[in-house]
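To keep things clear, I will list the structure first and then write my remarks on it.
Laboratory data are not the source of any read-out in this text; all were calculated from the coordinates shown. For clarity, every value in this text was computed on a predicted model and none was experimentally measured. Here the Cβ positions follow ideal geometry from the backbone for every residue, glycine too, while neighbour counts run over all protein chains shown.
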Amino acid sequence: MSVFKSLVNLAATAGVAGAIAVSPIFTLKAEALTEAQVLERLGSIPVFTITDDKGSPLLGAVPQQPNAKPDDSQLLFFFLGPDEAQMMLSQVQKSNPEIGKKAQIIVRSMNDAYKVIRENKDKKVVFQFIPSRASIDSARTILTAQGIAADKIPNVPVFFAIGGQANNQGLLTMSIDQNGKKEQVVPFFLDKTDLQNLLDRASKDQPDVAKATKIQVASLFQVLDSMVSKDNKPNPEVERFQFVPSRTSFEYILKNTKQSATPQLAPQATPAKK
């Protein structure tokens with residue numbers, strides 16, 4: 001199954017009322033998946049990047065700090081939301097019409113983005129993942145209510161739920177159909193609204209579970225790190241971890257089916273002037 005078919009299946013499952021069951025899980029162990037297995041999970045997360053008409057990514061200049069040594073590195077953005085990518089495309093089209101008229105938004109997976117990063121780690125390019133503004137705002141609201149300072153907000157937040165009594169809490173799972181079989185996964189949502197909609201639907205059939213459930217936020221990269229074992233031993237429990245793309249991204253992909261090959265950095269990559 002291709003990356004995008006998996007993406008569409010998972011996103012669609014998360015949006016279908018009646019196809020979801022929420023139940024607490026209290027037996028997650030501290031072991032992890034191999035790095036290769038974790039990278040496969042990133043295939044469910046779409047990223048949006050700006051390229052020229054040939055698929056070469058548009059690179060921006062790294063902002064120079066006052067009194068700092070000149071830095072000729074360039075920036076490559078991977079947006080986790082289509083709205084933010086569209087805003088950047090509009091800026092390029094306005095500031096540099098000649099380049100902007102050939103610019104386009106390309107959808108790939110975060111797994112593909114990591115391949116680009118690994119293949120170009122020795123080049124003077126700074127890679128940055130840009131989350132949606134909505135996810136940052138949601139993370140700020142949750143963490144502020146917990147008394148956590150605003151500067152502790154994760155660069156790329158993901159949202160999950162915990163349930164149960166105070167002395168017996170655990171992560172919540174979602175029941176999905178996978179190849180004709182029911183499977184329990186622990187979902188980490190890129191958009192808090194999608195998780196809240198899931199809980200709202202579950203509350204109709206499982207009001208007690210939903211009532212005892214709280215939404216929490218974590219860093220995507222911390223979750224990924226916790227999933228990777230230093231001795232490369234897989235763990236069946238952590239294999240339940242799945243990332244759920246935002247509904248907004250899902251709908252954008254359905255409306256814009258054009259996909260290209262993974263963007264390849266090249267010396268002739270066009271700078272996107274700001």
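How large is the Rg to Rh ratio of the stretch 51-156 when both quantities use alpha carbon positions and Rh follows Kirkwood? Display every interim value, and only then the final one.
Values: Rg = 16.1 Å, Rh = 15.8 Å.
A ratio of 1.02.
Considering only the other residues whose Cβ falls under 10 Å of the Cβ of Thr248, what net charge follows from Lys and Arg at +1 and Asp and Glu at -1?
Values: positive: Arg247; negative: Asp83, Asp191, Asp194, Glu251.
Summing Lys and Arg as +1 and Asp and Glu as -1 gives -3.
Where does the Debye-calculated log10 I(q)/I(0) of the stretch 93-218 sit at q = 0.10 Å⁻¹, using only Cα point scatterers of equal weight, no solvent?
Computed log10 I(q)/I(0) values: -0.51.
Please give me the summed charge of the neighbours of Ile130: other residues whose Cβ is under 11 Å from its Cβ, Lys and Arg +1, Asp and Glu -1.
Values: positive: Arg133; negative: Asp83, Glu84.
Computed value for this residue: -1.
Please work out the Cα convex hull volume for the stretch 91-138 and give it in Å³ per residue.
On the way: hull volume 6.6 nm³, N = 48.
Convex hull volume per residue, Cα atoms: 138 Å³.
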